[in-house]
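I have placed the structure first, in the form of structure tokens, so that the comments after it can refer back to it.
The values are calculated or read from the model by the stated rules, or taken from the named source; none is laboratory data. All figures in this text were calculated on a predicted structure; none of them were measured in a lab. Ideal geometry is used to build each Cβ from the backbone, glycine not excepted, and the neighbour counts take in all protein chains shown.
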Amino acid sequence: MRRAMLLLAVFGLVGLAWAADPFVGTWKLNVAKSKVNPPLLPKSATTKVMPKGDGCTWISDFVTADGKVSHMEWSGKYDGKDYPVTGDPNADTNALKKIDSNTIVEVDKKGGKEVGNFRLVVSSDGKTMTLTGKGKDEKGQEFTVTVVSEKQ
């Protein structure tokens, strides 16, 4: 009985630790508050951030500006190391690093070369996530972004 109580307590604390991560949850793109230059903003996007072991998984589903459905996945840790990303035509690895509890920096690479540098910030009330930065698309064209998503 004691052992069962101890395990429940440990799993409860782990759950609380992940619940405290403001990035965990489902996020929907707010098109009206977002901008990309040159314009290539998707019509819609949903991102799910889930704990996975001692790291996390980010899964994003988009409808592109031209109506195509796109799916991206990334699993790794917030340790600044490169982890593979699938479904992103602009990058084959992403490296995320937590700066503080509400801020992550992301570096995207394609073929080992940096192609994007972004900052993700969750608002103090935990309801809004804003991604800002710049990168290069699969054709090498530079772009800047401010993407606002709202927690569901």
Practice item. Test Lys48 against the stated conditions and say whether it is modelled with pLDDT of 95 or more, within 17 Å of the chain's Cα centre (by Cα), surrounded by fewer than 16 Cβ atoms within 10 Å (Cβ to Cβ) and not small (Gly, Ala, Ser). Key: yes
Exercise for review: Please indicate, with yes or no, whether at least one residue in segment 93-112 is in contact (Cβ under 8 Å) with a residue 12 or more places away in the chain, in contact with a strand residue (DSSP E or B) (Cβ under 6 Å, 6 or more places away or on another chain), loosely packed, with under 13 Cβ neighbours inside 10 Å and more than 21 Å from Ala20 (Cβ to Cβ).
Suggested key: no
Exercise for review: Consider Val145 carefully, then state whether it is touching a residue at least 40 places away in the same chain (Cβ under 8 Å), part of a strand (DSSP E or B) and within 20 Å of Thr93 (Cα to Cα).
Suggested key: yes
Practice item. Answer yes or no: is there a residue in segment 58-67 that is acidic (Asp, Glu), farther than 25 Å from Pro38 by Cβ and either in contact with an Asp or Glu (Cβ under 8 Å, 6 or more places away or on another chain) or exposed (fewer than 15 other Cβ atoms within 10 Å of the Cβ) (or both). Key: no
Review point. Looking at segment 1-45, which of the residues that are of a type in the set (A, V, I, L, M, F, W, C) and either closer than 16 Å to Val145 by Cβ or part of a strand (DSSP E or B) (or both) is modelled with the lowest pLDDT?
Key: Leu40
Practice item. Examine segment 98-109 for a residue that is within 21 Å of Trp27 (Cα to Cα), of a type outside the set (S, T, N, Q), outside any strand (DSSP E or B) and at pLDDT 95 or above, and state whether such a residue exists. Key: no
